[in-house]
Amino acid sequence: MYASEPFSAAIDRETGTLASPDNIYERPLSAMAAMYEDAEAVKAALAGGDPIIYKVYEKNMPELPGELQWCMSVTMPGKIGREYFMTKGHFHEVRDTAEIYLCTRGTGYMLMETEDGRTDAQEMRPDVAVYVPARWAHRSINTGDEPLISFCVYPGDAGHDYGSIETAGFRKRIVEIDGKPAIIDNKP
Ligand code: PA5
Ligand code: NI
């Protein structure tokens with residue numbers, strides 16, 4: 001009858017840590033090498049080590065529609081060639097589930113798109129919340145020079161579907177042109 005119990009956990013807006021996480025995962029460049037546009041720049045970055053692109057501190061909550069998953073997402077600053085460090089990005093497995101990201105540090109974008117081809121990018125900066133509607137794939141992109149950190153919360157049963165994003169990518173990319181972030185088409 002009760003799937004979870006009341007509790008609380010401190011979050012650190014500056015480091016992105018969440019107290020007593022059930023899961024911490026770190027995504028190195030090698031785990032998402034094919035997602036960047038510039039294969040030569042990926043090779044060069046891998047030759048110099050395998051940078052951690054982002055980290056997630058998660059609470060594992062019951063995978064039920066009435067519960068909530070929550071985490072802190074930390075995307076490092078940096079670029080591969082001209083393309084900023086970014087998360088893999090995903091649709092939710094249960095498509096009709098939304099998500100809220102509250103940015104606590106850094107600057108960047110939440111890049112979003114729908115399966116039928118709509119695209120959007122919302123600016124992320126401290127104390128700004130981004131609403132990711134149901135059915136929109138989403139990816140955080142760090143365009144600044146410090147970690148981009150957000151608190152994320154989404155329905156308990158949402159799940160992550162990386163499939164089409166892993167194979168085809170997003171329709172747009174965010175890259176540095178003339179010293180500034182630019183949203184460009186992802187050429188197949
Ligand atoms: O559920 C979310 O949208 C976030 O918690 C992400 O999982 C997190 O930012 C990492 O991104 P991704 O799952 O695309 O690797
Ligand atoms: Ni999500």
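A viscosity of 1.567 mPa s and a temperature of 4 °C, combined with the Kirkwood radius over C-alpha pairs in the Stokes-Einstein formula, give the stretch 39-102 a diffusion coefficient of 90 µm²/s.
Taken about its Cα centre, the stretch 118-188 carries a charge dipole of about 320 debye when Lys and Arg each add +1 at the Cβ and Asp and Glu each add -1 at the Cβ. For the stretch 23-185, the Cβ-based charge dipole about the Cα centre amounts to some 280 debye (Lys, Arg positive; Asp, Glu negative; other atoms uncharged). Directionally averaged projected area (the chain, Cα convex hull): 10.8 nm².
Every number here is computed from the coordinates shown, using simple stated rules; none is lab data. These figures come from a predicted structure and were not determined experimentally. Don't worry about glycine lacking a Cβ; one is built from the backbone with ideal geometry, like all the others, and counts go over all protein chains shown.
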